[in-house]
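Engineer: Structure below; questions to follow.
The values are calculated or read from the model by the stated rules, or taken from the named source; none is laboratory data. Keep in mind the model is a prediction, meaning the values are calculated, not measured. A quick note on method: Cβ atoms are made from the backbone with ideal geometry, for glycine too, and the neighbour counts reach across all protein chains shown.
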Amino acid sequence: MPTVNGLGDPLMEAVVTAAPPAAGPGMSCRFCGAAANHVFVDLGMSPLCESYLAADQLNQMEPFYPLRVHVCPQCFLVQLPQYVSPVEIFTEYAYFSSFSSSWVEHARLYAEVMRKRLDLTEKSFVVEVASNDGYLLQHFVEAGIPVLGIEPAANVAEAARAKRVPTRCCFFGVDAAQDLVRGGEQADLLVGNNVLAQVPNLNDFVAGLKVALKPSGVITMEFPHLMQLMEGNQFDTIYHEHFSYFSLLTVERIFGAHGLTLFDVDEIPTHGGSLRIYARHAEDGSRPIERSVPELRAREERAGLDGLQAYTAFEEQVRKTKRKLLDFLIEAKHNGKSIAGYGAPGKGNTLLNYCGIRSDFLDYTVDRNPYKHYKFLPGTHIPIFPPDRIRETRPDYVLILPWNLRNEIVGQLSYVREWGGRFIIPIPEVEVGA
Ligand SMILES: [Zn+2]
């Protein structure tokens with residue numbers, strides 16, 4: 001038997017000859033398959049951001065998963081390995097789009113614009129992937145345009161049917177698209193809002209879009225814009241439910257690989273800055289590529305998004321933001337100040353867990369959604385109360401967790417100034433306002 005260093009002990013031999021551990025767990029790029037082991041940002045271990053806890057769950061174990069985001073050095077897709085199965089996240093989803101009146105209004109305007117732009121009539125067919133509770137398709141139904149929603153969460157799909165929005169309960173991909181083709185149901189307009197980022201099998205999904213689209217059809221997809229995430233330091237919009245983070249450069253490459261051409265792009269303010277891309281079959285020459293596409297591509301190149309360095313520099317920026325926020329909170333607590341939170345959004349949970357802010361800093365938070373009242377934030381176990389709690393306890397500071405709604409919230413809470421209370425905005429970096 002060969003020996004290593006003459007030790008002659010098979011166990012020692014195994015230890016000595018074992019390969020050194022890899023720098024981090026390996027990941028193949030979800031799109032191009034290259035080794036995507038460069039870290040974009042590591043936010044540590046975090047619970048699923050929508051897993052609010054009831055009081056009787058506080059003494060139980062709670063699952064935490066890594067929130068370590070990678071970037072592919074070939075196609076620059078920023079991506080989270082699939083730590084949690086989509087079935088676990090999406091089949092009984094608590095998020096009903098229609099709870100947000102501004103989001104329903106956004107959908108209504110979109111439906112109106114697209115109906116005119118594409119001349120949609122009662123002979124057209126509109127399909128929405130991840131159609132939620134019918135918040136968007138209902139506007140096409142009202143205009144007499146045939147629709148179909150595709151939604152994996154059974155409870156949410158049921159709510160859509162109650163609104164007379166025909167809805168099929170499944171995950172979308174090539175299989176589901178072929179079912180549509182067999183039923184003669186290809187789409188003139190194929191919509192997906194805030195779904196592209198949440199798809200684990202990205203290639204199967206985009207290939208399915210190609211299959212489900214009529215030869216002259218148009219696809220529109222909305223998703224948070226990676227360039228805005230990086231420039232605005234919006235690391236708290238990273239959650240386990242978001243598997244991919246897209247620049248225009250990368251999404252164009254992905255669609256191109258599946259025979260789809262982007263011919264227009266809008267920058268829209270939702271979720272701290274999103275893109276709405278417009279795609280068609282590569283073979284369809286009837287829609288020329290608008291100036292918006294090369295213009296945004298050029299801006300992304302100027303921001304360095306076509307090279308690895310801009311991505312790997314992001315983590316240090318995030319760490320600095322954490323230190324500044326903690327410096328402020330520690331100083332406030334040294335001075336005997338009380339701090340409450342406002343809001344219990346998913347992004348707040350990423351921020352609080354990453355920064356290690358628990359009820360040692362925040363006495364509580366409040367939210368307008370009655371489903372969250374008297375529950376506790378996942379991981380940090382900060383209690384959630386109705387908004388009146390702020391008036392009752394008169395905190396010195398209110399930390400605004402949904403910073404994207406800061407103006408609206410500061411307006412609603414203007415009464416905290418009666419006792420000299422002030423607002424803390426954590427992102428893009430800690431800012432204290434009167
Ligand atoms: Zn890649």
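Engineer: When the residues of segment 293-346 are filtered to those that are in a helix (DSSP H, G or I) and in contact with a Pro (Cβ under 6 Å, 6 or more places away or on another chain), which remaining residue is nearest to P73 (Cα to Cα)?
Structural biologist: So the residue we want is L308.
Engineer: Check every one of the strands (runs of 3 or more DSSP E) wholly within segment 125-226 and list those with 1 or more residues that are aromatic (F, W, Y) and touching a Gly at 6+ places or on another chain (Cβ under 9 Å).
Structural biologist: 213-224
Engineer: So, one more: Any residue at all in segment 391-404 that's out of contact with any helix residue (DSSP H, G or I) (no Cβ under 9 Å at 6 or more places or on another chain) and over 19 Å from N233 (Cα atoms)?
Structural biologist: Yes, that holds for at least one residue.
Engineer: A further question follows. Just name the residue that is nearest to S102 (Cα to Cα) out of those in segment 389-431 that are in a loop (DSSP other than H, G, I, E, B) and over 26 Å from the mean Cα position of the chain (by Cα).
Structural biologist: Checked segment 389-431; the qualifying residue nearest to S102 (Cα to Cα) is L413.
Engineer: Could you run through segment 55-87 and say how many residues are loosely packed, with under 15 Cβ neighbours inside 10 Å, of a type in the set (D, E, K, R) and either in contact (Cβ under 8 Å) with a residue 12 or more places away in the chain or in a loop (DSSP other than H, G, I, E, B) (or both)?
Structural biologist: Total satisfying the criteria: 1.
Engineer: Another question about this same structure. Going by the conditions given, is L58 closer than 22 Å to P345 by Cβ, modelled with pLDDT of 95 or more, away from the ligand (no atom under 16 Å from the Cβ) and not aromatic (F, W, Y)?
Structural biologist: Criteria met by L58.
Engineer: Among the residues of segment 326-363, write down those that are at positive phi and buried (at least 16 other Cβ atoms within 10 Å of the Cβ).
Structural biologist: G343
Engineer: Of everything in segment 196-216, what is surrounded by 22 or more Cβ atoms within 10 Å (Cβ to Cβ) and either modelled with pLDDT under 95 or of a type outside the set (A, V, I, L, M, F, W, C) (or both)? Give them in sequence order.
Structural biologist: A197, V199, G208 - these are the residues of segment 196-216 that are surrounded by 22 or more Cβ atoms within 10 Å (Cβ to Cβ) and either modelled with pLDDT under 95 or of a type outside the set (A, V, I, L, M, F, W, C) (or both).
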